[in-house]
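The structure appears right after this line, and notes come after that.
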Amino acid sequence: MKTQKAKGAQFVIIKATEGTSSKDSSFSPNYGGATSAGLIRGGYHFAHPDSSSGAAQANFFLKNGGGWTNDGITLPGMVDMEYNPNGATCYGLSHSAMVSWIKDFGDTYKAHTGRHPMIYTTLDWWTQCTGNSAAFGDYPLVQAHYSSSIGTPPASWSYASFWQFSDSQNPYPGDQDRWQGTLANLKKFAKGG
């Protein structure tokens, strides 16, 4: 991680959990490495809305790396809402059921941390699976859009806090994300402001 910091990295979002039974074995060493390198860091949860409630998955995430504290270096947890890798794009849920699931996750997360989790998604998935719900404007958006510009955000948001613009693993390992502001604003965001 120190090499990535030297290349200009300011933050990292690290996979912690998936569903209610999968913990990423690389999370702890990566999180510790990010902390030692002086990076702002946070965890994310890959959602499986078809396997258990939003509350159950939020609690699993919180117990396994997804927490938040206002120390100025910890990002709020992120829930990854995207295409089902093993079946129906929207996990067999209707628009209203998906919106309810996300709200259940978010309400549970906020009850424990005092902050809404970040939501990672694409305009395409959000439109297909929530009906382009406008109900989540208080949640920070991490918008994936692999292009030279960020594109239109889903209906809940007027802007994205983070933009995932590439999965090239260049110049940093993993997907490439950009904070949509200054480093001072990123530190303020991590602190809860």
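Each reported figure results from applying straightforward, stated rules to the coordinates on display, with no laboratory input. A quick note: this is a predicted structure, and the numbers were derived from the prediction, not measured. FYI the Cβ positions are ideal-geometry reconstructions off the backbone, even for glycines, and counts take in every protein chain you see.
Laid out as a table, the results:
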| read-out | value |
| --- | --- |
| Prolate/oblate/rounded label for the range 1-138 (Cα gyration tensor, a/c 1.5) | prolate |
| Highest-first arrangement of 139-149, 97-107, 22-32, where packing means the average Cβ count within 10 Å | 97-107, 139-149, 22-32 |
| Value of [θ]222 nm, deg cm²/dmol, for the chain, DSSP H segments ≥ 4, -39500 (n - 2.57) each, nearest 500 | -9500 deg cm²/dmol |
| Shape category assigned to the range 53-93 from the gyration tensor of Cα positions, a/c cut at 1.5 | prolate |
| Acute angle (nearest 10 degrees) that the helix 95-113 long axis makes with the longest principal axis of the chain, alpha-carbon atoms | 40 |
| Max mean-square fluctuation residue, GNM over the chain, Cα-Cα springs under 10 Å, options THR122, THR35, THR17 | THR35 |
| The range 45-89 versus the range 101-144: alpha-carbon centroid distance in Å | 10 |
| Considering only the range 2-191, percent of DSSP beta bridges that pair antiparallel, nearest 5 | 25 |
